[in-house]
Amino acid sequence: MDTVNFRDLSVAETDTKTMLAHADQQSVQRRYEDFLIVDVDGHHYENMSYAEIFEYIEDPVMRQQAKYQGYGGGGIASATSGGGYQNLGGRVTRNPRVNAEVTPKDTHRDITLTKRWMDAMGIDIVCLFPTPMLTLSLTPRPEVEVALARAYNSWLCDKVLSAESRICSTLYLPLNDPEATYKMVKDFAGRKGVVGFTVVSPHYKAVYDNAYMKTYALLEEANLPLVFHGAYAWGGDQSLQLCNKFMAVHALGFAWFNILHMTNWLCNGLPERFPKLRVAWVESGLAWVPFLMQRLDNEWMMRSSEVPLLKRKPSDYMREMFYSSQPMEMVNNREALELTFKMINAETQLMYSSDYPHWDMDLPSTIYDLPFLSEPAKRNILGGNARRFFNLEPVVSELKAKRLAARASS
Amino acid sequence: MADVLVCKDGEIAEGGVRVIQAGEVEIGVIRHDGKYYAYRNHCPHQGGPVCEGIRMPGVLDIIGEGGIFLQQDFDQKDIHIVCPWHSYEFHLEDGVNVCDKRIRLQKFKVVEKDGAVYINV
Ligand code: FES
């Protein structure tokens, strides 16, 4: 009879490192310390820091409203995406439990929690996005969007980005107000850790509106990329309101808004007007890209007179843009996935993303274990492409540096 | 094949899980309704700690005459192991994935004798 080590879950502490111990094993087995891993789409729950963020609202009356009323669910942002039950009735355990996780007092809690999951997965640098604010653009009060976006961006720069070199961000643009959007880039470009700007995709402003051209020009001049981050609109979108399951609204919504904006971006010749502006499409998976390439190419051959700015097929421009990987469609479709990688020039254009801690997160092994990729292609997708896209200074995680040192001395 | 001692009977509370390390292999021993089940604590999806999530009954759609949707209900006879990373679900009885029978958890035989619980590894 053998004796064994054991742990009883009922008495185990809530701890990200324990929940992700298997991710850490993957990191060791695959020797992730040998190369840079950048996660271009990780998240935090900024709602845990509302008390701090609301202090940054410049307008004193709105600040008082926010502190009294809160954010969503009757709070000042009023209608946002409308519901959602992402944690599947408690089946995804990490989010409800994270409130109980103990963190040291001398470091901001967001930094500690973020670095814990990054270290477990072998990630060196993350581009951090908010969670509830991904649908702030759906508020009927544009001045609230501007105020909260400025507050969040200032708070993030002051409390997180300035204190931790492994965390960067593409800051929120309040698209409902084109002047405020322009001012956001003017005011925040150059702050530590700001590597670009984000359009949260669920919104009802057309990206080809002339009012945005000076913002695109400014980004291009500043050599800062523009990221379209997918999300869903439920309560406020007449089509998606027809979905009665979160699975349906999530599967469609995250892809739909990026399909919409990409189509308008191309049909209005924006890649020709701003040829040096780097653009990435984030958190819509990959299957939508070949669909849209085929569909737009087919239409363009017949209707190029409508979009004379395009000098090449829409898919040619799409192949020059960048994409994040998650949630990568991987069930029973190896051939389709391989073809998708070819169609988007994944080796140079695809960037790994985890989306952690959200329910459909992907580990780096989803890329590293793909049998049809060469080792250099894997390393490009896991870090090299993001480094180029965001102009990142490589910062290696302390944990991976230690592993490398231990290997060197043994 | 070796019998590995898991616990004295009753040491794992009803509904509880003990994760044991047997050499290289991590095994989750689940106690449910007085019975013990043992599976490798490794999810075939992305390698998550599948035994460390919750157990939940399967969900059924109740469809009435003429294809009318009536409501959903829990199927208390079919308890699922739910992986905490992305909620892939597996039947507690046999470890088979509820969406694709080809995907299954590695099962270990549980032996109860002399007031103790063992698994055959
Ligand atoms: S690793 Fe278990 S569901 Fe993904």
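The values are calculated or read from the model by the stated rules, or taken from the named source; none is laboratory data. Please read these numbers as outputs of a predicted model, since none were measured by experiment. Cβ atoms come from the backbone with ideal geometry, glycine included; neighbour counts cover every protein chain shown. Note: accessible area is taken over every heavy atom of the protein model, side chains too, but ligands, DNA and RNA are not part of it. Shrake-Rupley method; radii C 1.70, N 1.55, O 1.52, S 1.80 Å.
Below is a table of values for the structure above.
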read-out: Shielding by partners - mean other protein chain Cβ count within 10 Å, residues of B:90-100; value: 0
read-out: Gyration tensor verdict on segment A:259-306 (Cα atoms; rounded if a/c is under 1.5, prolate if a/b is larger than b/c, oblate otherwise); value: oblate
read-out: Kyte-Doolittle mean at least -1.0, axial Cα span of 24 Å or more - DSSP H helices of chain A; value: A:246-267
read-out: Cα gyration tensor, segment B:1-120 - rounded (a/c under 1.5), prolate or oblate; value: prolate
read-out: Whole-percent carbon and sulfur share, accessible surface of chain A, 1.4 Å; value: 53 percent
read-out: Average beta-carbon neighbours from other chains, 10 Å sphere, peptide A:19-31; value: 3
read-out: By average C-beta atoms within 10 angstrom, highest first, the peptides A:208-214, A:227-233; value: A:227-233, A:208-214
read-out: Alpha-carbon centroids, segment B:60-85 and segment A:13-74: separation in whole Å; value: 34 Å
read-out: Positive-end residue of A:Pro225, A:Tyr204, A:Ala149, charge dipole of segment A:6-409 with Cβ unit charges; value: A:Pro225
read-out: Dipole magnitude of chain B, debye to nearest 20 (Cβ charges: Lys/Arg +1, Asp/Glu -1, about Cα centre); value: 380 debye
read-out: Farthest positive-ward along the protein assembly as shown dipole, Cα basis, beta-carbon charges - from A:Asn5, A:Gly72, A:Asn391; value: A:Asn391
read-out: Computed accessible area, A:Tyr182, all protein chains, 1.4 angstrom probe, square angstrom; value: 50 Å²
read-out: Alpha-carbon centroids, segment B:92-113 and segment A:289-318: separation in whole Å; value: 50 Å
read-out: Beta bridges by DSSP in the protein assembly as shown, antiparallel share as percent, to the nearest 5; value: 65 percent
read-out: Leading residue at positive end of dipole, the protein assembly as shown (Cβ point charges), from A:Ser305, A:Met133, A:His250; value: A:Ser305
read-out: Surface accessible to a 1.4 Å probe, A:Cys127 within the full protein complex, Å²; value: 0 Å²
read-out: Cα gyration tensor category, rounded, prolate or oblate, for segment B:47-106 with a/c compared to 1.5; value: prolate
read-out: Sites matching chymotrypsin sites (Phe, Trp or Tyr not before Pro) across segment A:328-410 that sit in DSSP coil, with at most 15 neighbouring C-beta atoms within 10 Å; value: A:Phe372
read-out: Range in chain B, longest, excluding exposed trypsin sites (Lys or Arg not before Pro) [loop by DSSP; at most 15 other beta-carbon atoms within 10 Å]; value: B:1-100
read-out: Inter-chain shielding of B:17-28 (mean C-beta neighbours from other protein chains, 10 Å cut-off); value: 4
read-out: Surface accessible to a 1.4 Å probe, per residue, for the residues of segment A:6-409, Å²; value: 41 Å²
read-out: Modelled FRET efficiency - R0 25 Å, B:Asp61 with B:Lys107, Cβ distances, 0.05 increments; value: 0.30
read-out: GNM flexibility winner over chain B from B:Val19, B:Val59, B:Val50 (Cα, springs under 10 Å); value: B:Val59
read-out: Segment A:145-221 - charge dipole about Cα centre, Lys and Arg +1 at Cβ, Asp and Glu -1, debye rounded to 20; value: 220 debye
read-out: Dipole magnitude of chain A about its Cα centre (Cβ charges: Lys, Arg +1; Asp, Glu -1), debye to nearest 20; value: 400 debye
read-out: Rg and Dmax [Cα atoms of segment A:6-409; Å; Rg one decimal, Dmax integer]; value: 20.8, 70
read-out: Heavy atoms of A:Arg312: accessible area, 1.4 Å probe, square angstrom to 10; value: 90 Å²
read-out: A:Glu320, A:Glu33, reordered so the largest accessible area comes first (probe 1.4 Å); value: A:Glu320, A:Glu33
